Amino acid sequence: METPGEPGAGPFGAPSLTSFAPGHLESEKPAQDPLYDVPDAGGGQAGGPQRPGRTVSLRERLLLTRPVWLQLRANAAAALHALRTEPPGTFLVRKSNTRQCQVLCVRLPEASGPSFVSSHYIQESPGGVSLESSELVFRDLVQLICAYCHARDILLLPLQLPRAIRLAATHKELEAISHLGIEFWSSSLNTKAQPGPSDGPLLPRLKSRSPQELDQGTGAALCFFNPLFPGDLGPTKREKFKTSFKVRVSTETSSPLSPPAVPPPPVPVLPRAAPNQTERLPPRQLLRRESSVGYRVPGGAGPSLPPLPSLQEVDCCSPSSSEEEGAPGSQGSPVTSPRLGRRPPLLRSMSAAFCSLLAPERQVGRAAAALMHDRHTAVGQLVQDLLTQVRAGPEPRELQGIREALSRARAMLSAELGPEKLLPPERLECVLEKSLHRSVLKPLRPILAARLRRRLSANGSLGCLAEGLRLARAQGPRAFGSHLSLPSPVEMEQVRQKLLQLLRAYSPSAQVKWLLQACKLLYTALRTHAGEGAGADEFLPLLSIVLAQCNLPELLLEAEYMSELLEPALLTGEGGYYLTTLSASLALLSSLGQAHTLPLSPSQELQRSLSLWEQRRLPASHSFQHLLRVAYQDPSSGCTSKTLAVPPGASIATLNQLCATKFREG
Amino acid sequence: MAAGGGGGGAAAGRAYSFKVVLLGEGCVGKTSLVLRYCENKFNDKHITTLQASFLTKKLNIGGKRVNLAIWDTAGQERFHALGPIYYRDSNGAILVYDITDEDSFQKVKNWVKELRKMLGNEICLCIVGNKIDLEKERHVSIQEAESYAESVGAKHYHTSAKQNKGIEELFLDLCKRMIETAQVDERAKGNGSSQPGAARRGVQIIDDEPQAQSGGGGCCSSG
């Protein structure tokens, strides 16, 4: 992998103001209000220097101030110049001199090597934008920046907006800053909180900030918060936590008791990593970073109590909701855990203690849910954006889009939570998948089902199936040339109950479990009629007869819902087989109404099912399953881990090479 | 170096996953064939109790682990049109005919044509003359069947589900051929991973050297 050679390029990078085309992003620039409130140069608003702009989200800040940080006209030298006096983490985006892409330039801590700026190419693909050599893909640049403000991933440290932008409380202030464009960097507005006597008074004030105030993306001093232990409050626990995650904590700029948000951190205490080995520093430095991404959950930052999970989050993790579909066999089992969020405050600490004793699966589930509900994490952003987007309106092939996003989110969560080794990898994937279903599909299910229904009614598929079901009932088993007799009414009713459960479930994996249970009942019935050796020859007609009797045309929706949303790996397993059989049976039933088309030409329903599958293959081949998390222990600087894309069938030699490239260690 | 699986989790050693579809006229003994194969040494930790239509088998062939998923299909003519949704993404197909039933051999020929048209040479074809215990009533000549198989790049096998003859060999042979095909694919495609089936197999790593001991004393230890 080529090092983005910006440190070197800086000095001799000739000014090339010509090679520039305004990015599409600029066109989105919000309309400017002619009346600007100019933020006080000292950052000292009436409400105090740290008054967070509570109404302005990080994304808005980024959007409004693009003219400042999106410097497409700037070359490497200009970027270096602008960032020269900025605190670590400050960044801007410029156009590459050498490649047709943008470059993210990040100010590094002084101690990190010969260059004080690291550069990262921003790759654009149909799926979105990503930093070169990172697996995290984002819908757009702003989203990417947002994410890297909170998660380092491959960066040495999280991004940080200039102080004035972080502290601006209103859109007008931001617009005033934005108006300056690149001039902002050298303007008096661009104040830096120097660690000096003038800032002394900041500290006591900081101590009194409420957790809510910390939630405002003030950036650098986001302190470390372990999502696996949401109740992890006091110093003692945090100490324990620190030791278990020591490699991570060591790059953090704040200790548990240090005041958050003192930008710029005076040369963060980085583990010095044998600088003599390093020639091209920034990327290598990145590799020495010691932590994985995203454990900083802003809401939980600071010395004060992190907020408890919201009701919504608790609901998502509550046993009732996880059991509701998790294990169909255990339905009706009593709720075994309290619903923590509804407890009075006095019991909170007890709840928190209780939380940490929960089974690892629950812990992982909670952590995953917390990450997904937090827009400040990359995965949270992805999930929340997905929810917004789907709610906004139907799109063609939206189920595939959702599945793709789910897979991506799962890869991100897995990279995030996998290293904790709370669960074996396969179990982890399973828990994460479930968790995603709860956080994404549960809220979306009514919308998606309604859209599917509308579409399948409009194109006549549902009507066709209803007619076929009617004909099949009228004709009985001979509709399928089967000599089988109908299962008994009791058996029929049992199967019907399973199918009704299937219709009620939101999670495709839970649905498949219900389907399997229904099929199992059918096999039991089949064996009494057709003996042990009964196979697909007998099963398919029997299923079709029973489906006709149950008369649930909605299964057509569900077959598509499941096929599209089930994790692709399951489609080749037993669930996939019986799902295929269900689709086959529904196609068969639909075709009864158009008897002339059988047996030689596939029915309309069958063709539809096949073309859906064809489409599905595409995203499946780009699946995000080929990710491998590799941790590397360096005696001098601790442990580094990276998520690598490993093609299927890669040999160890290939992997070694990949690691060598990615880790760049002698 | 410590490696943690991101997706498939098949970091240690290699496991192939193959999908094999079972095609053939009704009553030729497809189901018995596969039941016989799987029940003999059926030692699966899956909760698969459904049996008969979908069966799995785990094999170790010369150190290569193979997970076989066998998809049975309804063979009656009226279900023929449903074939594609079953055989898509298959690595192998077992086309079964009854040696006493000329017609069932004709059906096999139809399937061969369709599979080659739809899936090309990626799929390993086995043509199986079942019920050799009824040799006396044979209506399909061995000569004809074998030369036909050869002409379409398929292999021909003689089996008796009843007497458990030829079945192990059939599946073992098929697995070896599918492994070969997969290896050729992998070599040819290098980094590309868009061949059907393989795309869903997750991460596969050839464990061609002892894994270096992790020096990570506690580096990734969980809290």
- Tell me the label-point distance for the pair B:Arg116, B:Asp133, using the 7 Å Cα-to-Cβ offset, in nm and rounded to one decimal. 3.3
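Show me you know the interface measure: the accessible area buried between A and B, both chains summed, probe 1.4 Å, in Å² to the nearest 100. Walk me through the intermediate numbers first.
Numbers: alone 28750 and 12570 Å², together 35540 Å².
Heavy-atom accessible area buried at this interface is about 5800 Å².
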- Query: Label B:Glu150 and B:Asn164 with points 7 Å out from Cα along Cα→Cβ: what is the distance between them in nm?
  - Reply: 3.3
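Mind ranking B:162-169, A:391-398 by how tightly packed they are, going by the mean number of other C-beta atoms within 10 angstrom, highest first?
Numbers: B:162-169: 15.4, A:391-398: 11.6.
Per-residue Cβ counts within 10 Å, averaged per peptide and sorted highest first, yield B:162-169, A:391-398.
Dipole magnitude of region B:16-185 about its Cα centre, charges +1 at Lys/Arg Cβ and -1 at Asp/Glu Cβ only, in debye to the nearest 20?
On the way: 24 positive and 23 negative charges, 119 e Å.
Approximately 560 debye in magnitude.
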- Percent accessible area from carbon and sulfur atoms, region A:370-515, protein chains only, probe 1.4 Å: 57
- Message: For region B:16-185, what does the accessible surface come to per residue with a 1.4 Å probe? Please give it in Å².
- Response: 42
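Over all directions, how big on average is the projection of the convex hull of the alpha-carbon atoms in region B:16-185, in square nanometres?
Details: hull surface 38.3 nm².
Its average projected convex-hull area is 9.6 nm².
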- Stretchable slack from A:Asn459 to A:Thr55, in nm (0.36 nm times residue separation minus alpha-carbon distance): 140.9 nm
- Query: What ranking, highest mean first, results for peptides A:365-375, A:544-554 when packing means the other Cβ atoms within 10 Å averaged over each residue?
  - Reply: A:365-375, A:544-554
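Among A:Lys434/B:Lys19; B:Lys30/B:Lys176; A:Lys498/B:Lys19; A:Lys434/B:Lys58; B:Lys58/B:Lys176, which pairs are too far apart, with a Cα-Cα distance over 24 Å? Can you show the working numbers first?
Numbers: A:Lys434/B:Lys19 26 Å; B:Lys30/B:Lys176 21 Å; A:Lys498/B:Lys19 28 Å; A:Lys434/B:Lys58 27 Å; B:Lys58/B:Lys176 13 Å.
Among A:Lys434/B:Lys19; B:Lys30/B:Lys176; A:Lys498/B:Lys19; A:Lys434/B:Lys58; B:Lys58/B:Lys176, the Cα-Cα distance tops 24 Å for A:Lys434/B:Lys19; A:Lys498/B:Lys19; A:Lys434/B:Lys58.
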- Task: Let me know the mean shielding of A:140-151 by other chains, meaning the per-residue number of their Cβ atoms within 10 Å of its Cβ.
- Result: 0
- Message: Let's test the formula: R0 of 51 Å, r as the Cβ-Cβ distance of A:Ala111 and A:Cys430. What FRET efficiency results, to the nearest 0.05?
- Response: 0.75
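Counting only other chains, and only Cβ atoms inside 10 Å, what mean value do you get across the residues of A:576-582? Don't skip to the end; give the middle numbers.
Working: counts 6, 11, 3, 0, 7, 9, 0.
Across the residues of A:576-582, the mean count of other-chain Cβ atoms within 10 Å is 5.
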- Item | Partner chain coverage, peptide A:411-422 - average Cβ within 10 angstrom | 3
- Query: So how far apart, in nm, are the two label points at B:Asp173 and A:Gln475 if each is 7 Å from Cα heading toward Cβ?
  - Reply: 4.0
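The values are calculated or read from the model by the stated rules, or taken from the named source; none is laboratory data. Quick caveat, the model's predicted, so the values are computed rather than measured. Positions of Cβ are backbone-derived with ideal geometry, glycine not excepted, and every protein chain shown enters the neighbour counts. Remember, those area values only see protein heavy atoms, side chains included, never the ligands or the DNA or RNA. Shrake-Rupley method; radii C 1.70, N 1.55, O 1.52, S 1.80 Å.
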